[in-house]
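Okay, structure first, notes after.
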Amino acid sequence: MLLFGFLEPVTGEKGGEFMSEKITYTNEPLGDLKVVPDFLPRPEELAFRDEGVKITIALSKRSIEFFKGEARKHHTQYQRMIRQLLDVYAEHHLRPLTSRSTRTRAKVVRAG
């Protein structure tokens, strides 16, 4: 029985052609293997979310249209993109200043 004409058969019915061949595993050498460094975050890092604070902010129509368009292209929410942009900006500016940026900051302080 098909639920809709464009969907796969409902569970319990005979499936299509793929997955029809049985896979036979053998115990043979795999050849030259390359160890890849673990780059994935730990599960607790994936589950962690910063506490959100709701705010009201007025943004330009042009900015909102830009983010909505980009969000559609990348199949995400525009608010999430704006939040991520602000988080990255804040994180960047929370880092300790480098000698170059300290020098620039010192000029501004002396000039003011």
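The values are calculated or read from the model by the stated rules, or taken from the named source; none is laboratory data. Nothing here was measured: the structure is a model prediction, and the numbers come from that model. Cβ atoms come from the backbone with ideal geometry, glycine included; neighbour counts cover every protein chain shown.
The number of residues in segment 64-89 that are under 13 Å from the mean Cα position of the chain (by Cα) and of a type in the set (Asp, Glu) comes to 0.
Against the definition (at pLDDT below 90 and hydroxyl-bearing (Ser, Thr, Tyr)), how does residue 25 come out, yes or no? Answer is yes for this residue. Tell me yes or no: at least one residue of segment 48-68 is out of contact with any Lys or Arg (no Cβ under 9 Å at 6 or more places or on another chain), at pLDDT below 90 and hydrophobic (A, V, I, L, M, F, W, C). Yes.
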